[in-house]
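The values are calculated or read from the model by the stated rules, or taken from the named source; none is laboratory data. Just so we're clear, the structure is a prediction, and the values are computed from it rather than from any experiment. Counting neighbours? That spans all protein chains shown, and the Cβs are built from the backbone with ideal geometry, glycine included.
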Amino acid sequence: MRRSRLLLASLATAAMSVSSLTTLAVSTTAHAATTASYEAESSTNTIAGGARIATCSSCSGGHKVGYVGKGGTLQFNKVNASAAGTATVTITYLSGNARSAMLSVNGGSAKTLNFTSTGSFNTTGTMKVTVTLKSGSNTLKLANSSAYAPDFDKISVTSGSSSGGSAPTAAQLLAKVTSCSQISNGKYATDEGSPRTVSICGKKGAVFWKADMDVDCDGQRTTHCNENTDCCFQNDTTFHQSDGKPLSSENLPYIVIPSESSIFRYSQHNIQGGAVVAVIYNNKLEYAVFGDTGPTTIIGEASYATAKSLGINPSALDGGVDSGVTYIVFEGTKANPIQDHNSAVSVGEAAARAFINNN
């Protein structure tokens, strides 16, 4: 069920005027793994055999590498690991149809990766793969001898977790938020005109609420988030990427928190733009960031990418879900940069472990 967004439109300008005040770097006290990102088009890499750089408005660096395969290769060089061991590589790619590629690490045996379609060669998607790296500098090479692979935007490499243990589960987090100690000075509605029934609750290290999910498609214009797919599209978000651009609802999991009011002021709980959030629906867990603000009396909204990752219809017109979504915002956390989803996952997992252990 979609809420009226006329009020959101009026708030956007005000939110933009204060966005410069919400860029304090708030570091997490949890010990997260180290994540580093490497752009495909970087001059450090080896792009050969017909593979070439192309402009890409939806890509993180504004470019991608295409024509990998049939002799074309892309090799990421100087991929650093602080210690030898396993690492998670998140490959951001674009492909209008299902394609495959071979990945070899440090010249070793190649592993076949099967990529699903992202919908178009202008829409990004991600694939995660576990690799073994040596201490220091590594190479990761993508190729396909018989067919074309997807186009590639970047890779992000996460290694060296010092927090220990496996990743927290949705069930473990939900077990810690079965009861509510209300910290909001009143309650919120899930849609304009509906009763105010949702409280913001407090636990050690986090605030949380349980609500619906409406789809916020604001920010950068993309294939699924623009004036044609959203009647009330706004080309800005309260918080911006490190390059100054608005966030991308289609590509970045983020949530909306009500603008500060007498009901609740998020800044008083060590929460700023880029704070990491665990979002749970149907026992699925996604880590997102606090990326936008909304009306002062309405709660329960997240980006197109958040909804899609949780199996919720992401349409800005008729998508979302009416209930059953849990939002846990970890105090004192921040993805850096805000647009790096892998940083949000890394910081989120560490913060979630701390939250589970401390409550």
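If the condition is being crowded, with 18+ Cβ neighbours inside 10 Å and either under 12 Å from Phe290 (Cα atoms) or under 17 Å from the mean Cα position of the chain (by Cα) (or both), then segment 309-324 contributes Ser309, Leu310, Ile312, Pro314.
Taken over segment 222-243, residues that are within 17 Å of the chain's Cα centre (by Cα) and surrounded by fewer than 17 Cβ atoms within 10 Å (Cβ to Cβ) amount to 2.
Answer yes or no as to whether Asp236 is modelled with pLDDT of 95 or more and in a loop (DSSP other than H, G, I, E, B).
Yes; evaluated as a whole, the condition is true for this residue.
Conditions (1) in the same structural domain as Lys154 (by TED's automatic domain parsing); (2) among the hydroxyl-bearing types (Ser, Thr, Tyr); (3) part of a strand (DSSP E or B); (4) touching a Pro at 6+ places or on another chain (Cβ under 8 Å), marked per residue:
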{"residue": "Gly50", "(1), (2), (3), (4)": "yes, no, no, no"}
{"residue": "Ile53", "(1), (2), (3), (4)": "yes, no, yes, no"}
{"residue": "Ser57", "(1), (2), (3), (4)": "yes, yes, no, no"}
{"residue": "Asn77", "(1), (2), (3), (4)": "yes, no, yes, no"}
{"residue": "Asn80", "(1), (2), (3), (4)": "yes, no, yes, no"}
{"residue": "Ala87", "(1), (2), (3), (4)": "yes, no, yes, no"}
{"residue": "Ile91", "(1), (2), (3), (4)": "yes, no, yes, no"}
{"residue": "Leu103", "(1), (2), (3), (4)": "yes, no, yes, no"}
{"residue": "Gly119", "(1), (2), (3), (4)": "yes, no, no, no"}
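Against the criterion of being in contact with a helix residue (DSSP H, G or I) (Cβ under 8 Å, 6 or more places away or on another chain), modelled with pLDDT of 95 or more and within 30 Å of Ala171 (Cβ to Cβ), Ala278 qualifies. In this structure, is Leu174 modelled with pLDDT of 95 or more, in contact with a Leu (Cβ under 8 Å, 6 or more places away or on another chain) and either farther than 29 Å from Thr92 by Cα or of a type in the set (A, V, I, L, M) (or both)? Taking the combined requirement at face value, the residue does not satisfy it.
Within segment 186-199, none of the residues are in contact with a helix residue (DSSP H, G or I) (Cβ under 9 Å, 6 or more places away or on another chain) and hydrophobic (A, V, I, L, M, F, W, C). Does segment 155-168 contain any residue that is closer than 26 Å to Ser315 by Cα and of a type in the set (A, V, I, L, M, F, W, C)? Within segment 155-168 (the criterion being closer than 26 Å to Ser315 by Cα and of a type in the set (A, V, I, L, M, F, W, C)), the answer is no, since none of the residues qualifies.
Here are some residues: Val289, Val277. Which one is out of contact with any Lys or Arg (no Cβ under 7 Å at 6 or more places or on another chain), in the same structural domain as Met213 (by TED's automatic domain parsing) and touching a residue at least 60 places away in the same chain (Cβ under 8 Å)?
Answer to the selection: Val277.
A search for C-beta distances below 9 Å between a residue of segment 124-140 that is exposed (fewer than 12 other Cβ atoms within 10 Å of the Cβ) and any residue that is among the β-branched types (Val, Ile, Thr), counting only pairs 6+ apart in sequence or on different chains, returns Thr130/Thr86; Thr130/Thr88; Thr130/Val89. So, in segment 35-85, of the ones that are β-branched (Val, Ile, Thr) and in contact (Cβ under 8 Å) with a residue 24 or more places away in the chain, which residue ends up nearest to Lys334 (Cα to Cα)? Residue satisfying both the conditions and the ranking: Thr35.
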